[in-house]
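These notes are about the structure you will find just below.
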Amino acid sequence: MSTTAIFGCTGLVGSHVLSTLLSPTNSAQTIQTISRRTPKSTGVNLQAVVEADTTQWANKLASLAPTPQTVISALGTTRAAAGGIANQWKIDHDLNVEIAEQAKKSGVRTFVFVSSAGIRGFFSGPIPYSQMKRGVEDKIKELNFPQAIILRPGLIIGEREVPHQGGALMNGFAGALGYIGQGVKDAVGQDAEVIARAAVHAARLADEGKAPEKYWILEAKDIVRLGRTEWKE
């Protein structure tokens, strides 16, 4: 893969994206991250920028050298962690939009965004979380990148570096569904590592000119296929 920048690299999905790209079998030339704290994964081809002030992240993206050809954003928080809906909106919506806008200005070819399932359903319209994700998706489409990839996972299963309220309950629920059948579990939630691998796999296909659509949406079944069934190290 070409030079790739990651946002959200210390979060559940983003940390797996980073570790996947840093694996010895990956051919990425340079991996760049911008985050509030130093990522746990390290590598000789990693350029890690630590900036506590998220309002500076777009500027930091503009100054990256070389300019990334691919940007992957798994950036997101929770209402509880952010201290309310207004602060969550600043991260989940506003910051992602700023990053996408700067990526377009910088000449990024492929923009990958980890969104969420169900945000365009009939009953999800007035829900703030859905509004945030829809707003980012719509902005990415409006920016008209040469290639855009949107992942819409269900419940994200895995152990977070910073646990959030309800995380253990969701993991337990998803694990129980696995006893009924893997297909049932896959329809409701996906492992963070599988989601991350799907993002990397899709970006790799785009890099090779094999993406099926310019604005490519990956629903749960596509995430499982790219991140597990068809995944190759």
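The values are calculated or read from the model by the stated rules, or taken from the named source; none is laboratory data. Source: prediction; values computed, not measured. We place every Cβ from the backbone using ideal geometry, glycine too, and count neighbours over all the protein chains shown. Side chains included, ligands, DNA and RNA excluded: accessible areas come from the protein's heavy atoms. Shrake-Rupley method; radii C 1.70, N 1.55, O 1.52, S 1.80 Å.
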Open item on the list: Being free of Cβ contacts under 8 Å to residues at least 40 places away in the same chain, of a type in the set (Lys, Arg) and touching a Leu at 6+ places or on another chain (Cβ under 8 Å): is that true of LYS210 here?
Closed with: no
Open item on the list: Looking at the range 42-58, can you tell me whether even one residue there is among the acidic types (Asp, Glu), part of a helix (DSSP H, G or I) and modelled with pLDDT of 95 or more?
Closed with: no
Task: Lone qualifier among GLY135, GLY83 - being on the phi > 0 side of the Ramachandran plot and out of contact with any Ser or Thr (no Cβ under 9 Å at 6 or more places or on another chain) - done: GLY83
TODO: Select the strands (runs of 3 or more DSSP E) contained entirely in the range 135-226, then report the ones holding at least 1 residues which are closer than 23 Å to ASP94 by Cβ and either modelled with pLDDT of 65 or more or hydrophobic (A, V, I, L, M, F, W, C) (or both).
DONE: 147-151, 155-157, 215-218
Open item on the list: Within the range 107-133, take every residue that is within 15 Å of the chain's Cα centre (by Cα) and farther than 22 Å from ALA211 by Cα and give me the one that is surrounded by the fewest Cβ atoms within 10 Å (Cβ to Cβ).
Closed with: MET132
- [ ] Output yes when any residue across the range 68-84 is touching a Pro at 6+ places or on another chain (Cβ under 6 Å) and touching a residue at least 24 places away in the same chain (Cβ under 8 Å), and no when none is.
- [x] no
Open item on the list: With surrounded by fewer than 20 Cβ atoms within 10 Å (Cβ to Cβ), of a type in the set (Gly, Ala, Ser) and either modelled with pLDDT of 95 or more or closer than 22 Å to SER106 by Cα (or both) as the only criterion, which of SER2, SER23, SER27 stands out?
Closed with: SER2
- [ ] Go through (1) surrounded by 18 or more Cβ atoms within 10 Å (Cβ to Cβ); (2) assigned to a helix (DSSP H, G or I); (3) not basic (Lys, Arg) one by one and return the number of the condition LEU75 breaks.
- [x] (2)
- [ ] Answer yes or no as to whether SER35 is open to solvent by less than 70 Å² (accessible area, probe 1.4 Å), farther than 16 Å from LYS133 by Cβ and of a type outside the set (A, V, I, L, M, F, W, C).
- [x] yes
Open item on the list: Regarding the range 54-67, can at least one residue be identified that is open to solvent by less than 70 Å² (accessible area, probe 1.4 Å) and in contact with a Gly (Cβ under 7 Å, 6 or more places away or on another chain)?
Closed with: yes
